[in-house]
Structure formats: structure tokens, C-alpha cells
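Just below is one structure, and these are the notes that go with it.
The values are calculated or read from the model by the stated rules, or taken from the named source; none is laboratory data. Remember, predicted model here, so these are calculated numbers, not experimental data. Please note: Cβ atoms are built from the backbone with ideal geometry, for glycine as well, and neighbour counts cover all protein chains shown. Surface areas here come from the heavy atoms of the whole protein model, side chains and all, with no ligands, DNA or RNA. Shrake-Rupley method; radii C 1.70, N 1.55, O 1.52, S 1.80 Å.
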Amino acid sequence: MRRWLVVFGLAVAVGQHVGVGFSSLGDVGHTGTRWADWIDLLVPYVVVGSAVLALASAGTDRLGWALFVVSAVAYSQGHGVHLAANSVDNAVGGHVAHLWDEDVSHWIWYLGLAGMAFVLTRAAPRLVMPVWAWGVVVLFGFTWFDNTVEGGVPGLGIVGAVALGSYALRRRVLPVSAAYGFALVLLVVWGVWHGGFPQFSQLGWI
């Protein structure tokens with residue numbers, strides 16, 4: 001399971017930043033879409049696929065699989081809604097595209113991700129990670145922090161970090177508790193530093 005958890009963590013850390021990371025590739029001909037949008041189509045397959053393999057390696061009960069299916073569907077739906085609405089918003093703008101992009105999709109998307117993390121933690125044995133894999137823990141925690149801040153759902157970020165981090169700590173799944181603990185520290189520092197939770201784009205950082 002450890003190997004597939006590493007792949008899952010990397011898939012989330014890289015995949016959740018495709019829009020920014022590949023923005024420099026520009027547009028696809030005269031379609032009005034960006035190369036980053038097309039690359040982003042692959043993200044749910046890699047994230048959910050690696051999570052399935054991690055869960056299958058650990059083994060779980062029917063309830064675990066049922067919760068995983070619901071979470072994976074929510075993650076994929078939220079990602080898909082975000083991708084489509086963001087692509088439309090980049091091309092033509094409009095308040096409807098903004099609503100689906102910023103206000104609706106992020107809740108579904110990140111709740112789905114949190115659900116998958118919960119199921120994986122529930123199924124995992126007591127788990128530690130080799131030193132070389134701690135970079136993945138840091139990247140995953142940072143991703144939860146910056147996605148919930150830039151996604152406009154810092155409340156979900158804080159509650160999710162506390163809930164999942166404490167649950168993982170109780171189950172002795174150290175990599176998950178460390179990742180969400182790191183995310184929580186970053187969220188608290190960000191909120192105190194700015195007296196709120198401005199998005200990175202609002203500050204002109206991205």
C-alpha cells in the first residue's frame with residue numbers, strides 16, 4: 001500500500017496544479033481552449049486509479065468500498081465541473097461559469113478528495129514512511145493548503161485538516177496525519193498573516 005499511497009500523493013500534488021503548471025503551453029489552435037485543459041482531463045484517472053490500487057493493496061470492507069466509490073465519483077464530478085467551467089470562463093467569462101468554477105465545483109471536488117483520503121486512512125495499517133518519501137507528504141499537505149485557499153474554501157481546508165489529521169494520528173497512519181498537520185499549520189499562518197484568507201490570485205501571486 002505504501003508505494004501506491006506515494007503515487008496517490010504525487011498524483012494529487014501534481015494534478016491539482018496542472019492549470020497553473022502548464023499554463024505556459026498556451027492555447028490549442030483556434031479552439032478557445034488551453035493545452036493545460038486537455039492535460040487536466042487525465043488527472044482523475046491517475047488520482048482515482050492510484051487510490052484504487054492503494055485500497056486494493058490494503059484491503060477494506062464493503063462499507064469502505066462504498067464510501068470510496070461515492071468519494072471518487074464526487075472527486076471526478078467536481079474536477080470535471082471545475083475543468084469545464086474554468087475553460088469556458090477563460091474563453092468567454094460570465095457569472096454562470098464563475099459560479100460553477102469557483103463556488104460549486106470546489107466543494108464537490110475537495111470533499112471527494114477528503115473522502116478518498118479518509119477511506120485510505122481507514123484501511124491502512126499503522127504506517128510510517130521512508131525518509132525519501134517525506135517530500136510527497138509535504139507536497140500533499142501544501143496542495144491541500146493552497147487549493148482550499150485559492151479555491152475559496154479555507155473553512156473546508158481547516159476542518160478537513162483537523163478531522164483527517166486527527167483521525168490519521170489516532171490510527172497511527174503517520175504520513176496522512178503529518179500531511180494534514182502541515183496543511184493546518186500553513187492555513188493558520190496564512191490566516192493570521194493576512195487577517196483572513198485572500199486567494200493567491202487576488203494578491204497577484206499567480
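Could you please let me know if TYR167 is aromatic (Phe, Trp, Tyr), open to solvent by less than 70 Å² (accessible area, probe 1.4 Å) and more than 15 Å from the chain's Cα centre (by Cα)? Don't jump to the end; show me each part of the working.
Numbers: aromatic (Phe, Trp, Tyr): yes; open to solvent by less than 70 Å² (accessible area, probe 1.4 Å): yes; more than 15 Å from the chain's Cα centre (by Cα): yes.
Yes; evaluated as a whole, the condition is true for this residue.
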task: Would you be able to tell me the number of residues in region 147-160 that are in contact with a Leu (Cβ under 8 Å, 6 or more places away or on another chain) and either outside any helix (DSSP H, G or I) or under 17 Å from TRP193 (Cα atoms) (or both)?
output: 5
Hits in region 189-206 - residues which are within 25 Å of VAL20 (Cα to Cα), open to solvent by 70 Å² or more (accessible area, probe 1.4 Å) and in a helix (DSSP H, G or I): VAL189, TRP193
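Would it be correct to say that LEU186 is open to solvent by 20 Å² or more (accessible area, probe 1.4 Å) and assigned to a helix (DSSP H, G or I)? I'd like the intermediate steps shown before the answer.
Numbers: open to solvent by 20 Å² or more (accessible area, probe 1.4 Å): yes; assigned to a helix (DSSP H, G or I): yes.
When the stated conditions are applied, LEU186 passes them.
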query: Hey, among the residues in region 150-164 that are crowded, with 22+ Cβ neighbours inside 10 Å and of a type in the set (A, V, I, L, M, F, W, C), which one's nearest to PHE182 (Cα to Cα)?
result: ALA161
message: Yes or no: region 47-58 includes at least one residue that is surrounded by fewer than 21 Cβ atoms within 10 Å (Cβ to Cβ) and farther than 22 Å from VAL176 by Cα.
response: no
task: For region 35-61, enumerate the residues that are in contact with a Ser or Thr (Cβ under 7 Å, 6 or more places away or on another chain) and closer than 16 Å to GLY19 by Cα.
output: ALA36, ASP37, PRO44
field: Pair list, Cβ under 8 Å, 6 or more apart: region 172-184 residue farther than 20 Å from VAL153 by Cα, other residue at pLDDT below 95 and of a type in the set (D, E, K, R)
entry: ARG172/ARG126; VAL173/ARG126
- prompt: Counting only residues that are open to solvent by 40 Å² or more (accessible area, probe 1.4 Å) and touching a residue at least 24 places away in the same chain (Cβ under 8 Å), which one in region 66-80 is nearest to the chain's Cα centre (by Cα)?
  reply: SER76
statement: Apart from one, (1) touching a residue at least 60 places away in the same chain (Cβ under 8 Å); (2) hydrophobic (A, V, I, L, M, F, W, C); (3) farther than 29 Å from VAL128 by Cβ all hold for LEU99; the odd one out is (1)
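Pick out, from region 38-137, the helices (runs of 4 or more DSSP H) lying fully within it that include 3 or more residues that are at pLDDT 95 or above and within 30 Å of ARG172 (Cα to Cα).
Values: elements: 43-58, 62-91, 95-98, 105-123.
Output list reads 43-58, 62-91, 105-123.
For VAL176, state whether it is more than 17 Å from MET1 (Cβ to Cβ), open to solvent by 20 Å² or more (accessible area, probe 1.4 Å) and in a helix (DSSP H, G or I). Break it down into steps so the answer makes sense when it comes.
Working: more than 17 Å from MET1 (Cβ to Cβ): no; open to solvent by 20 Å² or more (accessible area, probe 1.4 Å): yes; in a helix (DSSP H, G or I): yes.
When the stated conditions are applied, VAL176 does not pass them.
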message: For region 23-45, give me the residue count where each residue is among the hydrophobic types (A, V, I, L, M, F, W, C) and open to solvent by less than 80 Å² (accessible area, probe 1.4 Å).
response: 4
- request: Working only within region 81-91, note down all residues that are open to solvent by 30 Å² or more (accessible area, probe 1.4 Å) and either without any contact (Cβ under 8 Å) to a residue 24 or more places away in the chain or of a type in the set (Asp, Glu) (or both).
  value: ALA84, VAL88, ASP89
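Against the condition under 20 Å from GLY15 (Cα atoms) and open to solvent by less than 30 Å² (accessible area, probe 1.4 Å), how does PHE140 come out, does it pass? Talk me through it step by step, then tell me what you get.
On the way: under 20 Å from GLY15 (Cα atoms): yes; open to solvent by less than 30 Å² (accessible area, probe 1.4 Å): yes.
So PHE140 fits the description; yes.
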